[in-house]
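Written out below as structure tokens is the structure these notes cover.
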Amino acid sequence: MRTFIIADKRLIQPFNEPASNLQVISPSGLPANLQIHHKEVTARCLEPCPVEEDLTEYEDLKEVLQRDRPGVRADDSIFVYRDNIYFDENFLNYFIKAARNLGKPCQAVLPADDPAWQKYVIPLSSLKRIIPPSGPEYYPVEMYYLPSGWAERQELIPIAIPSGAIEKGYYNIPDTMTNIKLDTPKRGSRGRKREENVRKDQDLTHFLSERTCVVIESWVHLFNAVIPLGVFSRSSRFDEQVSRHNLFALKLLLKAIIEQRQVLSSSGAVQVGAGTVIHPTAVISGPAVIGQNCDIGPGVVIDNCIIGDNVTIATGCQLMLSVVGHNCFLPFRAALFMTMLMENTIVAQNTCLQMCVVGRNSFIGAGSTFTDFNLLPSPIKAPNYEGKFEDTRQPVLGGCVGHNCRIGSGMIIMPARMIESDVILAASPERRIIRKSITFEQSDHHVFPPNIAALHRRLYQRDEILDESQLLDDWI
């Protein structure tokens, strides 16, 4: 089989980097860049087939196949995908198996009525809804299987791939805290106001999928791919396997008895790499993956997390449903909930990050708090594929910090705010609470003398410089 990718060069805010360079969860269970993840998934699901060439659009493939290349034929089977799509083994296996059984050119599509696709993939994306003359509606994604060489778009047969999602909650909380809203009152035909209808906007539940596919066009898509449809769904699949397969549950129980540990703390549920040192008072609940040469200190609590290599998690830290990249450092009493840290990042003591994404080589100062809940029941907005802000359709959502950032101590970041790559923020009486997203132009290092400001280099440029009106209107 021949493999080609459609290279997506769009930069994802606030990282200012293509999606293929951002961190996700690899098939091995450890953090890795999306492009490395693609190589591992395709190698596991298909025969070894290195990517031959980058395409700009699907139609470019027709010209490429007309070139003579040794060892291949124009009518060989072909797999093509856009490199900003995060998909797992279950999704790719489902698609390839269905396409091969059909024996015709196929394209993967997401059913429009699937709750996981509706919640995590469709909002903020450029996916277009297709209403066929007959059959259910769907959203096509750029993933193709061609059994005999080139095929025109009109020849492609859509293969609908369900997520297999199960709705599960992660908190039992009072109704008063579940974003209760009032429907906008409307006037009747005679000008009288209709009664206001009280409705619950969304509960704190997630649709945990059996198969995962997210088109990453916003940092929220990255969060959805790694946390709800990644580490959280992974733990759900583990629970389902225990409940459905008695032999697997028995093996898990035997390991716990032999190791004299609780079932979810045994080696059957917690994978630990070579050279890792875990203090006896640390509490680790699986399913969890901890990489090589890590240091887990006393009193640490790790629940359903993925930890990369060479990570230090010091005394009293608490991590739940989170992903920590390679070479990260968490001093004492740092707390992560449903948060992803990319590699070489430091989160200082007494800091709390909830439902956040933090880029690589960044620093979060001591005592900082990233909030995830609007106290007033207003929608939480984030940039879509065009950079315009729209409703994320999420009841709670934390903030996003780009690469190479330095956030000072004692900062409070409001829900879904972005801090662009290369920004430095120093707490001051004028700016301690971040109510609006911060661009590089608003970084605090600009106020220092030029010889001092020059010590902080900008590494991640935007496509274009925003003007003042964009700073005020778009980054809110």
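The values are calculated or read from the model by the stated rules, or taken from the named source; none is laboratory data. None of these values were measured; they are calculated from a predicted model. As a convention, Cβ positions derive from the backbone with ideal geometry for all residues, glycine included, and neighbour counts pool all protein chains shown.
Considering the stretch 87-141, and only residues there that are β-branched (V, I, T) and touching a residue at least 60 places away in the same chain (Cβ under 8 Å), the residue that is nearest to E390 (Cα to Cα) turns out to be V121.
Residues that are surrounded by fewer than 21 Cβ atoms within 10 Å (Cβ to Cβ), over 23 Å from N16 (Cα atoms) and in contact (Cβ under 8 Å) with a residue 24 or more places away in the chain within the stretch 352-395 comprise A366, G367, T369, F373, N374, P377, R393, P395, listed in sequence order. In the set (1) closer than 23 Å to A366 by Cα; (2) out of contact with any Phe, Trp or Tyr (no Cβ under 7 Å at 6 or more places or on another chain); (3) assigned to a loop (DSSP other than H, G, I, E, B), the condition left unmet by G316 is number (2).
Condition check ((1) outside the structural domain of P280 (by TED's automatic domain parsing); (2) touching an Asp or Glu at 6+ places or on another chain (Cβ under 8 Å); (3) farther than 19 Å from H221 by Cα) across all residues:
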site: T312; (1), (2), (3): no, yes, yes
site: T315; (1), (2), (3): no, no, yes
site: A366; (1), (2), (3): no, no, yes
site: P377; (1), (2), (3): no, yes, yes
site: N384; (1), (2), (3): no, yes, no
site: D391; (1), (2), (3): no, no, no
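Of the strands (runs of 3 or more DSSP E) entirely within the stretch 138-243, those holding at least 1 residues that are at pLDDT below 90 and outside the structural domain of A19 (by TED's automatic domain parsing) occupy 166-169, 180-182, 198-200, 205-208. Looking across E217, E210, one residue alone is acidic (D, E) and surrounded by 21 or more Cβ atoms within 10 Å (Cβ to Cβ). It is E217. For F332, indicate whether it is among the aromatic types (F, W, Y), over 16 Å from P31 (Cα atoms) and crowded, with 23+ Cβ neighbours inside 10 Å. When the stated conditions are applied, F332 does not pass them. Here is the figure for the stretch 295-328: residues that are under 21 Å from Q23 (Cβ atoms) and within 21 Å of the chain's Cα centre (by Cα) total 19. Quick check on this structure: which one of I161, I130, I157 is surrounded by fewer than 16 Cβ atoms within 10 Å (Cβ to Cβ) and touching a helix residue (DSSP H, G or I) at 6+ places or on another chain (Cβ under 8 Å)? Unique residue meeting the criteria: I157. For first residues located in the stretch 442-466 and in the same structural domain as N361 (by TED's automatic domain parsing), partners that are among the aromatic types (F, W, Y) and at pLDDT below 85 and lie 6+ apart or on another chain with Cβ distances below 9 Å form the pairs Q442/W475; L466/W475.
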